[in-house]
Amino acid sequence: ILNVEQSPQSLHVQEGDSTNFTCSFPSSNFYALHWYRWETAKSPEALFVMTLNGDEKKKGRISATLNTKEGYSYLYIKGSQPEDSATYLCAFGPPGSARQLTFGSGTQLTVLP
Amino acid sequence: DGGITQSPKYLFRKEGQNVTLSCEQNLNHDAMYWYRQDPGQGLRLIYYSQIVNDFQKGDIAEGYSVSREKKESFPLTVTSAQKNPTAFYLCASKPLAGGIANTGELFFGEGSRLTVL
């Protein structure tokens, strides 16, 4: 069973603060690392799918980096807004299948106005 | 609008009863998945299907059953054999074709919350 860990489990920040959180995954046999945003009462939506070591992806104020050799990815949110409040999930996909991703338990972000 | 529809959103069941959760997608995706979420845990895979009339067990299949009679539909039955069925259930899908344009991301429904009384 693969172990994917996210930290912190929850986070409260003030509007305008920048924040970041971590996803750790096995560094061997890497294939892809996914980030999803899950707002309350909505469907999880993909933010990024990252496959290359050193990759950095950006969508608006949100960006992510990937280090496959040491087995971690960071998600950054610049200038947090209340609408960024959500649970952020990462998922690790080993090679060899369309089968599955192993999900972390998520980081719950609350942005206070 | 294209997407995944799960129903019902909330369901209550008495112990010993089977219950079926619906998942329908109009995205023309090949693969469909059922996940379970429990507090403080990551999503765990129950069953998945990559093609009509075929499906595979995930990590926690005991006490569950599925069918894939149509490409767009992948219902999950929570049977009385499932010892702890109270949970939040998410259905997802993704295409399997598309080459490098296929990022592998999953598309999710909004989920169904099952409570056993």
Item to check | Net charge over other residues, Cβ less than 14 angstrom from the Cβ of B:Glu62 (K, R count +1; D, E count -1) | outcome: +3
Next on the checklist: Connecting C-alpha atoms closer than 10 Å in a GNM of chain A, tell me which of A:Ser27, A:Ser85, A:Ser63 has the biggest fluctuation.
Outcome noted: A:Ser27
Item to check | P(r) tail fraction, chain B - alpha-carbon pairs more than 19 Å apart, % | outcome: 43
Next on the checklist: Can you sort B:Ile46, B:Ile60 by solvent-accessible area, 1.4 Å probe, largest first?
Outcome noted: B:Ile60, B:Ile46
Checklist entry - Peptide B:36-42: average number of partner chain Cβ atoms within 10 Å per residue? => result 4
Item to check | Whole-Hz couplings from phi, Karplus 6.51/-1.76/1.60, listed for the stretch A:57-71; x for Gly and Pro | outcome: 10, 9, 9, x, 8, 9, 9, 9, 10, 9, 10, 7, 6, 9, x
Item to check | Radius of gyration, Dmax [the protein assembly as shown; alpha carbons; angstrom] | outcome: 17.7, 51
Checklist outcome for this item: When the charge dipole of chain A is computed with +1 at the Cβ of Lys and Arg and -1 at the Cβ of Asp and Glu, the Cα pointing farthest to the positive end, of A:Ala64, A:Gly93, A:Phe25, is that of A:Gly93
Checklist outcome for this item: With all protein chains present, chain B has a carbon and sulfur share of its accessible area (1.4 Å probe) in percent of 48
Checklist entry - With solvent modelled as a 1.4 Å probe, how much accessible area in total do chains B and A shield from it at their shared surface, in Å² to the nearest 100? => result 1500
Item to check | Inter-site label distance for B:Asn26 and B:Arg113 at 7 Å from Cα along Cβ, in nm | outcome: 2.7
Checklist entry - How large, in Å, is chain A by the Kirkwood hydrodynamic radius built from its alpha-carbon pairs? => result 14.1
Checklist entry - Where does the charge balance sit around B:Ser49 when Lys and Arg score +1, Asp and Glu -1, over other residues with C-beta under 9 Å from its C-beta? => result -1
Item to check | FRET efficiency, 1/(1 + (r/R0)^6) with R0 30 Å, evaluated for A:Asn29 and A:Glu83 via beta carbons | outcome: 0.25
Checklist entry - Once both labels are modelled 7 Å past Cα along the beta-carbon direction, what's the B:Asp54-A:Leu2 spacing in nm? => result 2.2
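The values are calculated or read from the model by the stated rules, or taken from the named source; none is laboratory data. Just so we're clear, the structure is a prediction, and the values are computed from it rather than from any experiment. Every residue, glycine as well, gets a Cβ built from its backbone with ideal geometry; the counts of neighbours run over all protein chains shown. Protein only, heavy atoms only, side chains kept; ligands, DNA and RNA dropped before computing areas. Shrake-Rupley method; radii C 1.70, N 1.55, O 1.52, S 1.80 Å.
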